[in-house]
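Enquirer: Okay, here's the structure, questions in a sec.
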Amino acid sequence: MSDDGALVLFSGGQDSATCLAWALDRFPRVETLGFDYGQRHRIELDGRAALRAGMSALNPAWARRLGPDHTLDLAALGAVSDTALTRDTEIAMTADGLPNTFVPGRNLVFLTFAAALAYRRGLRHIVGGMCETDYSGYPDCRDDTIKALQVALNLGMARRFVLHTPLMWIDKAATWRLAEDLGGRPLVDLVVEASHTCYLGERGARHDWGYGCGTCPACALRAKGYRAFVAEAV
Ligand code: ZN
């Protein structure tokens with residue numbers, strides 16, 4: 001297995017788009033993986049091709065490094081999840097203090113499938129946009145969860161995978177700043193235009209921070225982060 005290839009969990013949202021740029025900046029060979037589990041924001045998956053093409057156009061070295069895109073159908077995950085991401089219900093907090101957008105075990109499943117694919121593709125590094133800073137409600141985004149999973153995957157597959165989470169300790173404003181550091185204003189503009197974050201999958205209205213309903217928790221977080229990023233840059 002080559003030591004230098006990476007697989008990026010790539011949903012087409014702001015976080016995974018920034019992670020893709022981060023990986024293209026570091027690894028000579030980068031492949032992407034998206035999951036389809038019946039989520040409401042299919043529009044996010046549809047934006048993936050535009051982001052990949054846009055990043056290739058921004059930087060010839062990135063174009064050389066960017067390898068195939070993979071999509072895995074995880075309909076079974078949608079079938080066992082009763083959440084606001086896969087059902088047409090209001091986004092709210094549940095009795096146990098988690099948002100009802102939480103899909104139990106989602107990142108555990110994603111990373112396990114990612115490792116299985118990385119195993120087949122000979123890729124050592126697995127990159128995901130998990131973050132503790134803004135998503136306090138999601139236990140499978142926490143650093144300890146990811147580190148424990150890295151150990152479990154390496155034991156279970158007899159490999160030395162390295163799980164990278166470059167956004168783990170930074171907030172949304174810093175995620176925009178990271179995109180600017182990696183690819184300048186053109187990358188920020190690409191992420192604004194082509195990435196999708198809205199829980200409701202709305203793409204009608206174009207705000208300064210991109211497309212979305214503007215009021216769901218994901219839009220609110222993205223808008224707040226973008227405004228803080230712009231305010232700091234002035
Ligand atoms: Zn929204």
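Enquirer: In whole percent, and with a 1.4 Å probe on the protein chains, what portion of the accessible area of the stretch 102-234 is carbon and sulfur?
Expert: So the carbon and sulfur contribution to the accessible surface is 56 percent.
Enquirer: Which distance in nm do the two modelled labels at A79 and L221 give, with both placed 7 Å along the Cα-to-Cβ direction?
Expert: Result for the modelled spin labels: 2.9 nm.
Enquirer: Can you compute the modelled spin-label distance between A116 and A228, with each label point 7 Å from Cα toward Cβ, in nm?
Expert: 3.7
Enquirer: Give me the 1.4 Å probe accessible area per residue for the stretch 6-233, excluding ligands and nucleic acids, in Å².
Expert: On a per-residue basis, 43 Å².
Enquirer: For the stretch 12-19, just list the computed ³J(HN,Hα) in residue order, Karplus coefficients 6.51, -1.76 and 1.60, θ = phi - 60°, integers in Hz, with x standing in for Gly and Pro.
Expert: Values, residue by residue: x, x, 4, 5, 6, 5, 5, 5 Hz.
Enquirer: Suppose accessible area is computed on protein heavy atoms with a 1.4 Å probe; arrange D73, D36 from highest to lowest.
Expert: The most accessible residue leads, giving D73, D36.
Enquirer: Please list the non-local residues whose amide H lies under 5 Å from the amide H of G5, H modeled 1.01 Å from N, same-chain partners needing a gap of 5 or more.
Expert: R124, H125
Enquirer: Then there's this: Please report the relative contact order for the stretch 6-233, taking Cα pairs under 8 Å with a sequence separation of at least 6, and give it as a percent rounded to a whole number.
Expert: Once normalised by length, the contact order is 23 percent.
Enquirer: Cβ under 9 Å from E31's Cβ, E31 left aside: what net charge do those residues give with Lys, Arg +1 and Asp, Glu -1?
Expert: +1
Enquirer: For a protection proxy built on the mean count of beta-carbon atoms within 10 angstrom, sort 26-33, 190-197, 211-218 highest first, please.
Expert: Per-residue mean Cβ counts within 10 Å order the peptides as 190-197, 26-33, 211-218.
Enquirer: While we're here: What's the ranking of 60-67, 172-179 by average number of surrounding C-beta atoms within 10 Å, highest first?
Expert: 172-179, 60-67
Enquirer: When you count, for each residue, the other Cβ atoms within 10 Å and take the mean per peptide, how do 48-55, 18-25, 198-205, 126-133 rank with the highest first?
Expert: 18-25, 126-133, 48-55, 198-205
The values are calculated or read from the model by the stated rules, or taken from the named source; none is laboratory data. Owing to the predicted nature of the structure, the values given are computational and were not obtained by experimental measurement. Note that each Cβ is placed from the backbone with ideal geometry, even for glycine, and that neighbours are counted across all protein chains shown. We work out accessible area using only protein heavy atoms, side chains counted, and drop any ligands, DNA or RNA first. Shrake-Rupley method; radii C 1.70, N 1.55, O 1.52, S 1.80 Å.
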